[in-house]
Amino acid sequence: RSNPTPKPSKPGCKPRVGRGGRKTTREARRGLSKKLIMAEENQTLARMLAVVGPTGSGKSTLALAMAEELGGEIISCDSIAIYRGFDVGSAKPSQQEQARVRHHMVDVANWDAPFDAQRYREEAEACRRDILSRGKTPILCGGTGLYLRLLRWGAIDVPASDPAVRAE
């Protein structure tokens, strides 16, 4: 792709760009924020926003800021955050973050209980519908691609697992 050089906002001013001619992270977030506000005002906001990506990329910080600005709630899309007691090394939202913005799909299952992707899809979809019914914006945040794919495109129809086969 070509990356055109941004035009200066005022005559005689140089455009602010990061490495490689790209906008800085702060500018990108500011631009995203403006677009989200415009979309909300125009009532063209999608049914659910998604902040996804690799570990350590700032998804949670951005999702919190978006939720506060848009009056949204966060649905975790993290395959570890769903389990109670898996707090170390899981990057679950802190109690302070959960007090700022309501989070869903965090600490919803015991580590020894069966929890598959289909169950995640059903519970996350119920959360999404509940958030929308209260006039809020659902924001999916995390890095588990399978969960995102299931919410976006659904699941294929396959038979349930057979405990006898699993025992072998």
* Just report the Cα centroid separation between segment 152-168 and segment 64-88, whole Å. => 27
* Structure fact -> Given a Förster distance of 41 Å, the FRET efficiency implied by the Cβ-Cβ spacing of SER90 and ALA164, rounded to the nearest 0.05, works out to 0.80
* Asked: Taking Cα pairs under 8 Å and at least six residues apart, what relative contact order does segment 47-130 come out at, in percent?
  -> 28
* Could the peptides 105-111, 68-74 be put in order, highest first, of the mean number of other beta-carbon atoms found within 10 Å of their residues? -> 68-74, 105-111
* Asked: Which of the listed residues, ILE131, GLY142, ILE80, is farthest toward the dipole's positive end in segment 70-168, when Lys, Arg count +1 and Asp, Glu count -1 at the beta-carbon?
  -> ILE131
* Asked: Given labels modelled 7 Å from the Cα in the Cβ direction, how far is it in nm from GLU97 to SER133?
  -> 2.8
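Bear in mind that the values in this text are calculations on the coordinates, not laboratory data. All values reported here derive from a predicted model rather than from experimental measurement. Cβ: placed from backbone, ideal geometry, glycine included. Neighbour counts: every protein chain shown.
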